[in-house]
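Report on the structure given below.
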Amino acid sequence: MIKLIASDLDGTLLQNGAQQLTEQVIPYIKRLKEMGIVFVAASGRQYANLQRLFEPVKNEISYICENGALVVNEGKILHKTIINKELGEEILVDIRQKEGCEILLSGMNTSYLEPKTNEYAHRMQYIVKNNVTIVKDILEVTEDYLKISVYEREGINNSEEYFRDKWKDKVTVVTSGTEWLDMISLGTNKGNAMKVLQETFHILPEETMAFGDNYNDVEMLKNAGYSYAMNSGKKDIINLSRFSTNRVEDILAKVLNGEIK
C-alpha cells in the first residue's frame, strides 16, 4: 500500500518552465492526506519558495529542500547538512570568475545573490519568486551554506563538465533542469533525505512512490518501490525507473481512484 508520495518540481510537477502548480494538484494533495498518504515536495528549491507554491496545503505536506540539504515536516527541521565554509568560499570564487555563470548561495531562509546582470536578479525575485538577498560581496555572508548553485542562462551543459571535474571529490554535484548545477555536501541527496521521512513516518521503500526527471532525482527514485520518470526527462532517469508518465497528476488520480495501491 502506498503511504508516501514524493515529487520533484521543475521538469516534473512543474513542466515547460511553469512557476505555478496546475489546478488539480492542491485538491489531489488534500484527498491524499484524507487517505493517510504523506505528500512530499522534493526539490532543489528553497523552503520558502516551496511553501509559497503549496500555500493552501503548506502545513499539510513535507519538504525535501535544496536537493536534500534540508528536510522539514510541519515546520520542524528533521535534517540539515551544510558545506564547509572554507570549501564553499573557494567554490563561490570559482563561479564568480567563470564567464556567463551566476551564483546562488542558499541559506536557511534566503538565497544570496551577487548578480552579474539585472536579468538574473529579476528572474530570481519575480519569476522564480525566491526569498532573495542581494549582496556586493558573497564572501561576506555569515550563515551556514546549505547549497551553492550555478545558473547559466545559455545552458548549464556549457560549464557542467568544468565544475563537476573540479569539485566532484569534495561536494555532491548534480544538475537541476537545463540551466542549473547544484553543489551540496558529500552524501547529501534527495534519496537520503527521503529516508529521513520514511524513518520518521515508519514507511518502507516499497510503500513509497516518487517522481523525477533529472540526475538530482536518482537516489530518490532508487529508494521508491513505485518510481516514475517523466517521459520528457533524461534517458538515464527513464531507464532506471520502473514506470514513466507524461504528468504526475495522471498517476495521482489513479492512486486516488484506487487503480494503483
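The values are calculated or read from the model by the stated rules, or taken from the named source; none is laboratory data. From a predicted model like this one, the values you see are computed outputs, not experimental measurements. FYI the Cβ positions are ideal-geometry reconstructions off the backbone, even for glycines, and counts take in every protein chain you see. Please note that ligands, DNA and RNA were not included when accessible areas were found on the heavy atoms of the full protein model with its side chains. Shrake-Rupley method; radii C 1.70, N 1.55, O 1.52, S 1.80 Å.
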Could you please let me know if VAL174 is under 17 Å from the mean Cα position of the chain (by Cα) and buried (at least 17 other Cβ atoms within 10 Å of the Cβ)?
yes
Under 6 Å between Cβ atoms, at least 6 apart or on separate chains: pull out the pairs that start in segment 159-187 with a residue that is within 20 Å of GLU219 (Cα to Cα) and end on any residue that is at pLDDT below 95 and small (Gly, Ala, Ser).
SER176/GLY44; GLY177/GLY11; THR178/GLY155; ASP182/GLY44; ASP182/SER176
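Listed here are the residues, each with its yes/no results for (1) open to solvent by 10 Å² or more (accessible area, probe 1.4 Å); (2) under 22 Å from ARG164 (Cβ atoms).
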residue	(1), (2)
ASP182	no, yes
ALA193	no, yes
GLU206	yes, no
TYR228	yes, no
ASN231	yes, no
ILE237	no, yes
LEU240	yes, yes
ASP250	yes, no
ALA253	yes, no
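Among the residues of segment 130-168, write down those that are of a type in the set (Lys, Arg) and surrounded by fewer than 17 Cβ atoms within 10 Å (Cβ to Cβ). Lay out the reasoning, then the answer.
Here is the first cut: in segment 130-168, the residues of a type in the set (Lys, Arg) are 136, 147, 153, 164, 166, 168.
Within segment 130-168, LYS136, ARG153, ARG164, LYS166, LYS168 qualify.
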Residues that are open to solvent by 10 Å² or more (accessible area, probe 1.4 Å) and out of contact with any Leu (no Cβ under 8 Å at 6 or more places or on another chain): which strands (runs of 3 or more DSSP E) entirely in segment 1-109 hold 1 or more of them?
76-80
Out of all the residues in segment 20-31, is one or more within 30 Å of LYS116 (Cβ to Cβ) and not polar (S, T, N, Q)?
no
